[in-house]
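Throughout, read-outs are computed from the coordinates displayed, never taken from laboratory work. What you are looking at is a predicted structure, and each value in this text was computed from that prediction instead of being measured. Every residue, glycine among them, receives a Cβ derived from its backbone with ideal geometry; neighbour counts consider all protein chains shown.
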Amino acid sequence: MAKSKAELAQETIDNLTYLTDDDFITDDNSDNSLDDSSRFFNEDLVTHSKIKSNFSGNLTELTKGQSKVALQTTNDMVVDEFGLIHSGFIFGSAEYAAVAAINEENIVIIGCRSKFFAPAKLGDIIEFEAKGRFEEARKREIKVIGKINGVKVFEGIFQAVLLEKHILQTKLDELQASFRSNDKL
């Protein structure tokens, strides 16, 4: 007979192990971290050139309209004594995979519909695969799936727009134009 949700939840709680200070990774250069083989892909990456891979993941594959990013969860991402990873790091890594898949200099994410299917814990490696659509349009849609050991933990549909200039430069130009028009009054 199938177990009830309450029985499954209690079984999960009973099987949890609490982390101690000895369980946390203290050296970011330890053997547990991903190697930096992504350097080759980063040379081809046009966008997000200053992103920090320790929080957003490492680019492991980059082709036209597709990318893969691997996020090694670390101590800095943990929110409690169980080793639960804050979902913001998962989302950020998925967003990085999305913009890398489009790989245009002035890409801006303008929306996302996402779902988290399972939690991540300290030491997990989350692999994100992103595939872009509408390659010839200014607006793009990118589907991103994140998995831990082949099990889907995240899915998102990101909406992006390609701008002619960097978004902050565009805002600065608008502000300067506004000042010039006010000076003429």
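Quick one: would you say residue 117 is over 25 Å from residue 166 (Cα atoms), in contact with an Asp or Glu (Cβ under 8 Å, 6 or more places away or on another chain) and surrounded by fewer than 16 Cβ atoms within 10 Å (Cβ to Cβ)?
Here the answer is yes, as residue 117 does meet what is asked.
I'd like to know if segment 147-159 contains one or more residues that are among the basic types (Lys, Arg) and more than 18 Å from residue 95 (Cβ to Cβ). Spell out how you get there, then give the answer.
We begin by selecting, within segment 147-159, every residue among the basic types (Lys, Arg); these are 147, 152.
Subsequent filtering for residues that are more than 18 Å from residue 95 (Cβ to Cβ) retains none.
Looking for residues that are among the basic types (Lys, Arg) and more than 18 Å from residue 95 (Cβ to Cβ), one finds none in segment 147-159, hence no.
Which residues, taken from segment 109-123, are within 14 Å of the chain's Cα centre (by Cα) and farther than 10 Å from residue 158 by Cα?
Answer for segment 109-123, where residues must be within 14 Å of the chain's Cα centre (by Cα) and farther than 10 Å from residue 158 by Cα: 115, 116, 120.
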